[in-house]
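The values are calculated or read from the model by the stated rules, or taken from the named source; none is laboratory data. For clarity, every value in this text was computed on a predicted model and none was experimentally measured. Reconstructed Cβ throughout: ideal geometry from the backbone, glycine too, with neighbour counts over all protein chains shown.
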Amino acid sequence: MALISELIGNFGRYHWWLCFIVFLSKFGVAFHQMAIIFLAPPAHYTCPRTGSCCDNPVFDKSIFTRTIVTEWNLICKNSWLKDFTQMVFQFGVLAGSLMFGVASDKCVLLHV
């Protein structure tokens, strides 16, 4: 089995160009990875009934007018769903990386 350096050669201009293109394409991915910060920021709210979480809270919309927290009432007993959305997204990233990483490796090896 050949070494990787024998297959791709020395790190030259072509490889720098490939790295630049890949790094450039990853900037957009970072915004998706961190989107939960903007989709579900901490929401301040008050409840008409005191002492327990309420069904119809009044959210402070002075900073963020609409978030997933305010739209889907992700407070009190539903606050875990906010973290669950990020976990599901990251699991999708992991599964996609594994599946498409293996697929791309097999495709590259078929053409070498």
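Here are some notes:
- One residue stands out in the stretch 46-63 among those that are modelled with pLDDT of 90 or more and in contact with a helix residue (DSSP H, G or I) (Cβ under 8 Å, 6 or more places away or on another chain): the one that is nearest to ALA35 (Cα to Cα), namely LYS61.
- Counting only residues that are in contact (Cβ under 8 Å) with a residue 24 or more places away in the chain and assigned to a loop (DSSP other than H, G, I, E, B), the stretch 65-112 holds 4 of them.
- Residue check for GLY9: at positive phi and either exposed (fewer than 10 other Cβ atoms within 10 Å of the Cβ) or more than 26 Å from the chain's Cα centre (by Cα) (or both): yes
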